[in-house]
There are 2 protein chains.
Amino acid sequence: MRLLDRAGVLLSTKGAGALSLRRLAADVGTSTTAVYSLFGGKPALVRELFVEAFHRFGSHLRAVPRTDDPGEDLIQLGLAYRRSALADPHLYPVMFTNTVPGFEPDEQVGQEALAALTPLIEAVRAGIAAGVFPDVPATMVVMSCWGLAHGMVSLELNGYVPEELDPDAAYERVLRANLAGWRVPA
Amino acid sequence: MRLLDRAGVLLSTKGAGALSLRRLAADVGTSTTAVYSLFGGKPALVRELFVEAFHRFGSHLRAVPRTDDPGEDLIQLGLAYRRSALADPHLYPVMFTNTVPGFEPDEQVGQEALAALTPLIEAVRAGIAAGVFPDVPATMVVMSCWGLAHGMVSLELNGYVPEELDPDAAYERVLRANLAGWRVPA
DNA sequence: AGGGTATCGTAACAGTGTTACAGCGGTAGC
DNA sequence: GCTACCGCTGTAACACTGTTACGATACCCT
(Lines give C-alpha, C1' and ligand atoms only; values in the text may rest on other atoms or scores of the structure.)
Protein backbone atom coordinates (compact mmCIF):
# COMPACT_ATOMS: atom_id res chain seq x y z
CA MET A 1 0.00 0.00 0.00
CA ARG A 2 1.87 3.02 -1.26
CA LEU A 3 -0.53 5.39 0.50
CA LEU A 4 0.44 4.09 3.92
CA ASP A 5 4.16 4.19 3.16
CA ARG A 6 3.97 7.70 1.83
CA ALA A 7 1.88 8.74 4.82
CA GLY A 8 4.51 7.33 7.13
CA VAL A 9 7.31 9.15 5.32
CA LEU A 10 5.34 12.38 5.20
CA LEU A 11 4.60 12.17 8.90
CA SER A 12 8.15 11.20 9.84
CA THR A 13 9.71 14.06 7.91
CA LYS A 14 7.31 16.98 7.90
CA GLY A 15 5.33 16.22 11.05
CA ALA A 16 1.67 15.75 11.76
CA GLY A 17 0.64 19.12 10.42
CA ALA A 18 1.85 18.30 6.93
CA LEU A 19 -0.19 15.12 6.70
CA SER A 20 -3.04 16.29 4.49
CA LEU A 21 -5.10 13.99 2.31
CA ARG A 22 -4.70 16.14 -0.78
CA ARG A 23 -0.95 16.38 -0.37
CA LEU A 24 -0.79 12.68 0.26
CA ALA A 25 -2.96 11.81 -2.73
CA ALA A 26 -1.01 14.16 -5.00
CA ASP A 27 2.29 12.58 -3.98
CA VAL A 28 1.10 9.06 -4.66
CA GLY A 29 -0.65 10.13 -7.86
CA THR A 30 -4.24 9.41 -6.93
CA SER A 31 -7.15 11.27 -5.40
CA THR A 32 -8.36 11.80 -1.88
CA THR A 33 -11.27 9.43 -2.44
CA ALA A 34 -8.87 6.51 -2.47
CA VAL A 35 -8.23 7.05 1.21
CA TYR A 36 -11.94 6.74 1.92
CA SER A 37 -12.53 3.57 -0.07
CA LEU A 38 -9.38 1.91 1.26
CA PHE A 39 -9.36 3.05 4.88
CA GLY A 40 -12.49 5.04 5.61
CA GLY A 41 -11.12 8.48 6.33
CA LYS A 42 -8.13 10.21 7.79
CA PRO A 43 -8.54 8.93 11.38
CA ALA A 44 -8.72 5.37 10.04
CA LEU A 45 -5.53 5.93 8.07
CA VAL A 46 -3.79 7.29 11.14
CA ARG A 47 -5.05 4.24 13.01
CA GLU A 48 -3.16 2.10 10.53
CA LEU A 49 -0.03 4.16 11.13
CA PHE A 50 -0.63 3.73 14.84
CA VAL A 51 -0.53 -0.07 14.72
CA GLU A 52 2.41 0.05 12.31
CA ALA A 53 4.31 2.27 14.72
CA PHE A 54 3.63 -0.13 17.58
CA HIS A 55 4.79 -3.06 15.48
CA ARG A 56 8.15 -1.41 14.88
CA PHE A 57 8.25 -0.42 18.52
CA GLY A 58 7.57 -3.99 19.60
CA SER A 59 10.30 -5.25 17.28
CA HIS A 60 12.86 -3.00 18.91
CA LEU A 61 11.85 -4.27 22.33
CA ARG A 62 11.74 -7.93 21.34
CA ALA A 63 15.21 -7.61 19.85
CA VAL A 64 16.91 -7.25 23.23
CA PRO A 65 17.92 -10.70 24.50
CA ARG A 66 16.69 -12.06 27.79
CA THR A 67 19.40 -12.97 30.23
CA ASP A 68 19.33 -14.25 33.80
CA ASP A 69 19.71 -10.68 35.11
CA PRO A 70 16.24 -9.10 35.01
CA GLY A 71 17.58 -5.76 36.20
CA GLU A 72 20.07 -5.45 33.38
CA ASP A 73 17.41 -6.63 30.96
CA LEU A 74 15.19 -3.75 32.04
CA ILE A 75 18.03 -1.30 31.44
CA GLN A 76 18.59 -2.66 27.95
CA LEU A 77 14.86 -2.50 27.28
CA GLY A 78 14.89 1.12 28.34
CA LEU A 79 17.75 1.88 25.98
CA ALA A 80 15.94 0.10 23.16
CA TYR A 81 12.84 2.13 23.98
CA ARG A 82 14.72 5.35 23.36
CA ARG A 83 16.43 4.06 20.24
CA SER A 84 13.05 3.15 18.83
CA ALA A 85 11.65 6.58 19.56
CA LEU A 86 14.66 8.38 18.10
CA ALA A 87 14.55 6.22 14.96
CA ASP A 88 11.59 8.20 13.67
CA PRO A 89 10.67 10.89 16.14
CA HIS A 90 7.44 12.01 14.52
CA LEU A 91 5.94 8.57 14.88
CA TYR A 92 6.37 8.56 18.64
CA PRO A 93 3.71 11.19 19.42
CA VAL A 94 1.24 9.27 17.27
CA MET A 95 1.56 6.38 19.68
CA PHE A 96 1.54 8.07 23.06
CA THR A 97 0.28 11.64 22.72
CA ASN A 98 -2.62 12.49 20.47
CA THR A 99 -0.97 14.50 17.74
CA VAL A 100 -3.42 14.02 14.88
CA PRO A 101 -6.63 15.85 15.79
CA GLY A 102 -9.30 13.41 14.61
CA PHE A 103 -7.70 10.21 15.84
CA GLU A 104 -7.90 8.56 19.24
CA PRO A 105 -6.97 4.92 19.73
CA ASP A 106 -10.08 2.84 20.40
CA GLU A 107 -10.16 0.09 22.98
CA GLN A 108 -9.23 -2.78 20.68
CA VAL A 109 -6.23 -1.21 19.00
CA GLY A 110 -5.06 0.21 22.32
CA GLN A 111 -4.94 -3.22 23.89
CA GLU A 112 -2.94 -4.86 21.14
CA ALA A 113 -0.66 -1.86 21.14
CA LEU A 114 0.18 -2.50 24.78
CA ALA A 115 1.18 -6.01 23.77
CA ALA A 116 4.41 -4.43 22.58
CA LEU A 117 5.33 -3.94 26.22
CA THR A 118 5.28 -7.67 26.91
CA PRO A 119 9.08 -8.00 27.21
CA LEU A 120 9.02 -5.32 29.87
CA ILE A 121 6.30 -7.07 31.85
CA GLU A 122 8.08 -10.39 31.68
CA ALA A 123 11.37 -8.92 32.85
CA VAL A 124 9.66 -7.31 35.82
CA ARG A 125 7.85 -10.54 36.69
CA ALA A 126 11.14 -12.41 36.52
CA GLY A 127 12.70 -9.84 38.80
CA ILE A 128 9.93 -10.18 41.37
CA ALA A 129 10.12 -13.95 41.20
CA ALA A 130 13.88 -13.81 41.72
CA GLY A 131 13.44 -11.58 44.73
CA VAL A 132 15.41 -8.64 43.39
CA PHE A 133 12.21 -6.55 43.33
CA PRO A 134 9.75 -6.33 46.21
CA ASP A 135 6.44 -8.16 46.14
CA VAL A 136 4.34 -5.41 44.59
CA PRO A 137 1.99 -5.68 41.60
CA ALA A 138 4.19 -6.11 38.55
CA THR A 139 2.25 -3.41 36.74
CA MET A 140 3.46 -0.87 39.27
CA VAL A 141 7.17 -1.24 38.56
CA VAL A 142 6.28 -1.62 34.88
CA MET A 143 4.57 1.75 35.00
CA SER A 144 7.60 3.10 36.82
CA CYS A 145 10.05 2.03 34.11
CA TRP A 146 7.68 2.90 31.28
CA GLY A 147 6.78 6.24 32.80
CA LEU A 148 10.40 7.25 33.24
CA ALA A 149 11.42 6.14 29.76
CA HIS A 150 8.39 7.81 28.19
CA GLY A 151 8.89 10.99 30.14
CA MET A 152 12.59 11.28 29.36
CA VAL A 153 12.09 10.51 25.68
CA SER A 154 9.13 12.85 25.43
CA LEU A 155 11.03 15.69 27.04
CA GLU A 156 14.05 15.05 24.85
CA LEU A 157 11.91 15.05 21.71
CA ASN A 158 10.46 18.41 22.73
CA GLY A 159 13.90 19.89 23.32
CA TYR A 160 13.77 20.09 27.10
CA VAL A 161 17.07 18.33 27.83
CA PRO A 162 19.72 20.82 29.03
CA GLU A 163 22.73 21.23 26.77
CA GLU A 164 25.29 20.47 29.46
CA LEU A 165 23.97 16.91 29.71
CA ASP A 166 25.08 14.15 27.36
CA PRO A 167 21.66 12.73 26.37
CA ASP A 168 22.82 9.14 25.99
CA ALA A 169 24.77 8.95 29.23
CA ALA A 170 22.23 10.91 31.26
CA TYR A 171 19.38 8.73 30.04
CA GLU A 172 21.12 5.52 31.03
CA ARG A 173 22.19 6.95 34.37
CA VAL A 174 18.64 7.98 35.15
CA LEU A 175 17.35 4.56 34.20
CA ARG A 176 19.84 2.84 36.49
CA ALA A 177 19.03 5.12 39.41
CA ASN A 178 15.32 4.45 39.08
CA LEU A 179 15.87 0.72 38.96
CA ALA A 180 18.21 0.86 41.95
CA GLY A 181 15.35 2.39 43.91
CA TRP A 182 13.25 -0.72 43.29
CA ARG A 183 15.89 -3.24 44.26
CA VAL A 184 15.22 -4.87 47.60
CA PRO A 185 18.44 -4.63 49.65
CA ALA A 186 20.18 -7.98 49.79
CA MET B 1 -9.26 39.95 28.18
CA ARG B 2 -12.37 37.86 27.66
CA LEU B 3 -10.94 36.21 24.56
CA LEU B 4 -8.11 34.62 26.52
CA ASP B 5 -10.39 33.44 29.30
CA ARG B 6 -12.85 31.95 26.89
CA ALA B 7 -10.03 30.32 24.95
CA GLY B 8 -8.75 28.75 28.16
CA VAL B 9 -12.18 27.43 29.07
CA LEU B 10 -12.79 26.16 25.56
CA LEU B 11 -9.46 24.38 25.50
CA SER B 12 -9.85 22.96 29.00
CA THR B 13 -13.28 21.52 28.32
CA LYS B 14 -13.51 20.60 24.66
CA GLY B 15 -9.82 20.05 23.89
CA ALA B 16 -7.48 21.51 21.35
CA GLY B 17 -9.55 20.47 18.36
CA ALA B 18 -12.47 22.63 19.42
CA LEU B 19 -10.39 25.78 19.71
CA SER B 20 -11.38 27.55 16.49
CA LEU B 21 -11.21 31.26 16.00
CA ARG B 22 -14.74 31.50 14.64
CA ARG B 23 -16.17 29.51 17.52
CA LEU B 24 -14.15 31.58 19.94
CA ALA B 25 -15.18 34.88 18.39
CA ALA B 26 -18.83 33.84 18.28
CA ASP B 27 -18.81 32.88 21.96
CA VAL B 28 -17.31 36.17 23.05
CA GLY B 29 -19.50 38.14 20.68
CA THR B 30 -16.89 39.59 18.36
CA SER B 31 -15.22 38.63 15.10
CA THR B 32 -12.15 36.63 14.25
CA THR B 33 -10.26 39.77 13.30
CA ALA B 34 -10.08 40.78 16.93
CA VAL B 35 -7.69 37.93 17.56
CA TYR B 36 -5.36 39.29 14.90
CA SER B 37 -5.33 42.87 16.11
CA LEU B 38 -4.93 41.88 19.74
CA PHE B 39 -2.58 38.90 19.49
CA GLY B 40 -1.47 38.46 15.91
CA GLY B 41 -3.00 35.12 15.01
CA LYS B 42 -3.91 31.80 16.50
CA PRO B 43 -0.35 30.67 17.36
CA ALA B 44 0.22 33.95 19.21
CA LEU B 45 -2.98 33.41 21.18
CA VAL B 46 -1.93 29.89 22.07
CA ARG B 47 1.42 31.35 23.13
CA GLU B 48 -0.45 33.47 25.63
CA LEU B 49 -2.23 30.39 26.92
CA PHE B 50 1.15 28.68 27.13
CA VAL B 51 2.64 31.24 29.49
CA GLU B 52 -0.61 31.36 31.46
CA ALA B 53 -0.48 27.60 31.89
CA PHE B 54 3.10 27.77 33.12
CA HIS B 55 2.19 30.50 35.57
CA ARG B 56 -0.46 28.32 37.15
CA PHE B 57 1.92 25.39 37.04
CA GLY B 58 4.59 27.42 38.78
CA SER B 59 2.12 28.52 41.44
CA HIS B 60 1.30 24.92 42.28
CA LEU B 61 4.99 24.14 42.66
CA ARG B 62 5.83 27.23 44.67
CA ALA B 63 2.98 26.43 47.04
CA VAL B 64 4.74 23.41 48.55
CA PRO B 65 6.76 24.52 51.56
CA ARG B 66 10.49 23.96 51.78
CA THR B 67 11.60 21.93 54.76
CA ASP B 68 14.99 20.65 55.87
CA ASP B 69 14.34 17.31 54.17
CA PRO B 70 15.11 17.79 50.45
CA GLY B 71 14.01 14.26 49.62
CA GLU B 72 10.56 14.69 51.08
CA ASP B 73 10.34 18.09 49.43
CA LEU B 74 10.93 16.46 46.06
CA ILE B 75 8.15 13.97 46.74
CA GLN B 76 5.74 16.77 47.64
CA LEU B 77 6.80 18.66 44.52
CA GLY B 78 6.06 15.57 42.45
CA LEU B 79 2.61 15.26 43.99
CA ALA B 80 1.95 18.94 43.32
CA TYR B 81 3.11 18.40 39.74
CA ARG B 82 0.40 15.81 39.18
CA ARG B 83 -2.26 17.84 40.98
CA SER B 84 -1.48 20.75 38.71
CA ALA B 85 -1.77 18.62 35.60
CA LEU B 86 -5.02 17.00 36.73
CA ALA B 87 -6.51 20.39 37.61
CA ASP B 88 -7.07 21.15 33.92
CA PRO B 89 -5.87 18.23 31.85
CA HIS B 90 -6.21 19.84 28.44
CA LEU B 91 -3.78 22.58 29.37
CA TYR B 92 -1.03 20.11 30.14
CA PRO B 93 -0.35 19.02 26.53
CA VAL B 94 -0.13 22.67 25.51
CA MET B 95 2.87 23.01 27.76
CA PHE B 96 4.80 19.82 27.11
CA THR B 97 3.56 18.19 23.91
CA ASN B 98 2.69 20.22 20.87
CA THR B 99 -1.05 19.83 20.67
CA VAL B 100 -2.01 22.93 18.71
CA PRO B 101 -0.66 22.55 15.16
CA GLY B 102 0.61 26.04 14.42
CA PHE B 103 2.25 26.75 17.75
CA GLU B 104 5.72 25.88 18.93
CA PRO B 105 7.27 27.62 21.94
CA ASP B 106 10.06 29.93 20.83
CA GLU B 107 13.31 30.23 22.71
CA GLN B 108 12.35 33.15 24.91
CA VAL B 109 9.02 31.86 26.15
CA GLY B 110 10.49 28.38 26.58
CA GLN B 111 13.17 29.67 28.93
CA GLU B 112 10.83 31.58 31.18
CA ALA B 113 8.53 28.59 31.18
CA LEU B 114 11.29 26.46 32.64
CA ALA B 115 11.57 28.99 35.43
CA ALA B 116 8.52 27.27 36.91
CA LEU B 117 10.79 24.35 37.75
CA THR B 118 12.94 26.46 40.05
CA PRO B 119 11.65 24.87 43.28
CA LEU B 120 12.62 21.48 41.90
CA ILE B 121 16.13 22.61 41.03
CA GLU B 122 16.64 24.18 44.44
CA ALA B 123 15.48 21.07 46.26
CA VAL B 124 17.88 18.93 44.26
CA ARG B 125 20.76 21.34 44.90
CA ALA B 126 19.97 21.29 48.61
CA GLY B 127 19.98 17.51 48.53
CA ILE B 128 23.36 17.38 46.84
CA ALA B 129 24.78 19.94 49.26
CA ALA B 130 23.47 17.93 52.20
CA GLY B 131 25.07 14.79 50.84
CA VAL B 132 21.87 12.77 50.47
CA PHE B 133 22.33 12.78 46.68
CA PRO B 134 25.60 11.94 44.92
CA ASP B 135 27.79 14.63 43.41
CA VAL B 136 26.32 14.62 39.91
CA PRO B 137 25.13 17.61 37.90
CA ALA B 138 21.92 18.82 39.54
CA THR B 139 20.21 18.93 36.17
CA MET B 140 20.57 15.18 35.88
CA VAL B 141 18.53 14.26 38.95
CA VAL B 142 16.20 17.13 38.06
CA MET B 143 15.60 15.52 34.68
CA SER B 144 15.10 12.22 36.46
CA CYS B 145 12.36 13.53 38.74
CA TRP B 146 10.81 15.68 36.03
CA GLY B 147 10.95 12.91 33.46
CA LEU B 148 9.29 10.41 35.76
CA ALA B 149 6.56 12.83 36.83
CA HIS B 150 5.95 13.97 33.28
CA GLY B 151 5.89 10.42 31.96
CA MET B 152 3.52 9.12 34.60
CA VAL B 153 1.18 12.07 34.26
CA SER B 154 1.28 11.93 30.49
CA LEU B 155 0.50 8.23 30.45
CA GLU B 156 -2.30 8.71 32.97
CA LEU B 157 -3.83 11.51 30.93
CA ASN B 158 -3.83 9.27 27.88
CA GLY B 159 -5.51 6.43 29.77
CA TYR B 160 -2.56 4.07 29.96
CA VAL B 161 -2.70 3.39 33.72
CA PRO B 162 -4.00 -0.15 34.42
CA GLU B 163 -7.27 -0.35 36.28
CA GLU B 164 -5.96 -2.56 39.07
CA LEU B 165 -3.66 0.25 40.20
CA ASP B 166 -4.80 3.04 42.47
CA PRO B 167 -3.47 6.04 40.54
CA ASP B 168 -2.74 8.20 43.57
CA ALA B 169 -0.96 5.54 45.57
CA ALA B 170 0.92 4.08 42.63
CA TYR B 171 2.15 7.50 41.57
CA GLU B 172 3.54 8.31 44.99
CA ARG B 173 5.08 4.86 45.35
CA VAL B 174 6.82 5.23 42.00
CA LEU B 175 8.12 8.66 42.97
CA ARG B 176 9.57 7.35 46.22
CA ALA B 177 11.24 4.39 44.55
CA ASN B 178 12.90 6.64 42.00
CA LEU B 179 14.17 8.98 44.66
CA ALA B 180 15.44 6.09 46.76
CA GLY B 181 17.58 5.10 43.81
CA TRP B 182 19.36 8.43 43.95
CA ARG B 183 20.04 8.40 47.66
CA VAL B 184 23.66 7.76 48.52
CA PRO B 185 23.75 4.98 51.13
CA ALA B 186 24.52 6.40 54.54
C1' DA C 1 -19.92 -12.82 -21.83
C1' DG C 2 -22.47 -10.66 -18.18
C1' DG C 3 -23.15 -8.86 -13.48
C1' DG C 4 -21.53 -7.17 -9.24
C1' DT C 5 -18.41 -5.13 -6.43
C1' DA C 6 -14.60 -2.48 -5.21
C1' DT C 7 -12.05 1.34 -6.42
C1' DC C 8 -11.28 5.81 -8.39
C1' DG C 9 -11.93 10.92 -10.22
C1' DT C 10 -14.66 15.16 -10.38
C1' DA C 11 -17.05 18.32 -8.02
C1' DA C 12 -19.19 20.16 -4.31
C1' DC C 13 -20.04 21.29 0.88
C1' DA C 14 -18.74 22.75 5.45
C1' DG C 15 -15.22 24.17 8.13
C1' DT C 16 -10.54 26.14 9.24
C1' DG C 17 -6.69 30.14 9.58
C1' DT C 18 -5.52 34.26 7.37
C1' DT C 19 -5.75 38.77 5.13
C1' DA C 20 -7.26 42.98 2.27
C1' DC C 21 -10.39 46.59 2.72
C1' DA C 22 -13.49 49.74 4.67
C1' DG C 23 -15.71 51.89 8.70
C1' DC C 24 -15.90 53.27 13.44
C1' DG C 25 -14.11 55.08 17.67
C1' DG C 26 -11.29 57.82 20.45
C1' DT C 27 -7.27 60.83 21.20
C1' DA C 28 -3.49 64.22 20.33
C1' DG C 29 -2.19 68.64 18.10
C1' DC C 30 -3.26 72.89 16.54
C1' DG D 1 -13.67 73.09 18.01
C1' DC D 2 -11.80 71.06 14.27
C1' DT D 3 -8.83 67.85 12.07
C1' DA D 4 -5.72 64.17 11.38
C1' DC D 5 -4.24 60.09 12.98
C1' DC D 6 -4.19 55.49 14.90
C1' DG D 7 -6.00 51.28 17.06
C1' DC D 8 -9.80 48.27 16.83
C1' DT D 9 -13.59 46.07 14.50
C1' DG D 10 -16.62 43.73 10.95
C1' DT D 11 -17.41 41.99 6.16
C1' DA D 12 -15.90 39.47 2.63
C1' DA D 13 -12.78 36.93 0.27
C1' DC D 14 -8.74 33.46 -0.44
C1' DA D 15 -6.41 29.13 0.20
C1' DC D 16 -6.57 25.28 2.61
C1' DT D 17 -8.50 21.24 5.24
C1' DG D 18 -11.65 16.68 5.76
C1' DT D 19 -15.71 14.69 3.93
C1' DT D 20 -19.23 12.99 0.75
C1' DA D 21 -22.56 12.38 -3.39
C1' DC D 22 -22.38 10.96 -7.91
C1' DG D 23 -20.58 8.67 -12.18
C1' DA D 24 -17.38 6.13 -14.40
C1' DT D 25 -14.02 2.74 -14.59
C1' DA D 26 -11.82 -1.73 -13.91
C1' DC D 27 -11.56 -6.10 -12.15
C1' DC D 28 -13.04 -10.68 -10.62
C1' DC D 29 -16.24 -14.37 -10.26
C1' DT D 30 -19.94 -17.04 -12.03
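Checked against the criterion of being more than 19 Å from A:Gly159 (Cα to Cα) and of a type in the set (A, V, I, L, M, F, W, C), the candidates B:Val35, B:Val94 yield just one match: B:Val35.
Within segment B:16-32, being out of contact with any helix residue (DSSP H, G or I) (no Cβ under 8 Å at 6 or more places or on another chain) and either more than 16 Å from DNA strand D (Cβ to nearest atom) or more than 14 Å from chain A (Cβ to nearest Cβ) (or both) holds for B:Arg22, B:Ala26, B:Gly29.
On the given criteria, is A:Leu74 over 16 Å from A:Leu10 (Cα atoms) and touching a residue at least 60 places away in the same chain (Cβ under 8 Å)? So A:Leu74 fits the description; yes.
Residue by residue, here is whether (1) within 24 Å of A:Phe103 (Cβ to Cβ); (2) modelled with pLDDT of 95 or more; (3) of a type in the set (Val, Ile, Thr); (4) within 16 Å of DNA strand C (Cβ to nearest atom) holds:
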| residue | (1), (2), (3), (4) |
| --- | --- |
| B:Ala34 | no, no, no, yes |
| B:Gly40 | no, no, no, yes |
| B:Leu45 | no, no, no, yes |
| B:Val64 | no, yes, yes, no |
| B:Leu74 | no, yes, no, no |
| B:Gly78 | no, yes, no, no |
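Out of B:Val94, B:Val51, B:Val109, B:Val100, one residue alone is within 13 Å of DNA strand C (Cβ to nearest atom), out of contact with any Cys (no Cβ under 6 Å at 6 or more places or on another chain) and farther than 22 Å from B:Pro167 by Cα. It is B:Val100.
Within segment B:62-91, the residues that satisfy the criterion of being more than 24 Å from B:Ala129 (Cα to Cα) and not hydroxyl-bearing (Ser, Thr, Tyr) are B:Arg82, B:Arg83, B:Ala85, B:Leu86, B:Ala87, B:Asp88, B:Pro89, B:His90, B:Leu91.
Does A:Leu11 satisfy the condition of being in contact (Cβ under 8 Å) with a residue 60 or more places away in the chain and closer than 22 Å to A:Ser154 by Cβ? Against the criterion (in contact (Cβ under 8 Å) with a residue 60 or more places away in the chain and closer than 22 Å to A:Ser154 by Cβ), A:Leu11 qualifies. Output the residues belonging to segment B:26-50 that are under 25 Å from the mean Cα position of the chain (by Cα) and surrounded by 14 or more Cβ atoms within 10 Å (Cβ to Cβ). Listed by number, the residues that qualify are B:Phe39, B:Lys42, B:Pro43, B:Ala44, B:Leu45, B:Val46, B:Arg47, B:Glu48, B:Leu49, B:Phe50.
Surrounded by 15 or more Cβ atoms within 10 Å (Cβ to Cβ) and within 16 Å of DNA strand D (Cβ to nearest atom), is that true of B:Phe54? So B:Phe54 does not fit the description; no. A residue that is within 9 Å of chain A (Cβ to nearest Cβ) and surrounded by 15 or more Cβ atoms within 10 Å (Cβ to Cβ) cannot be found anywhere in segment B:72-79. The criterion of at least 3 residues that are surrounded by 19 or more Cβ atoms within 10 Å (Cβ to Cβ) and within 10 Å of another protein chain (Cβ to nearest Cβ) is met, among helices (runs of 4 or more DSSP H) falling completely within segment B:82-186, by B:91-96, B:138-157, B:167-182. Against the numbered list (1) under 17 Å from the mean Cα position of the chain (by Cα); (2) under 21 Å from A:Leu61 (Cβ atoms), A:Asn158 comes up short only at (2).
The values are calculated or read from the model by the stated rules, or taken from the named source; none is laboratory data. Just so it is clear, the model here is predicted, and its values are computed rather than measured. Backbone-built Cβ (ideal geometry, glycine too); neighbour counts: all protein chains shown.
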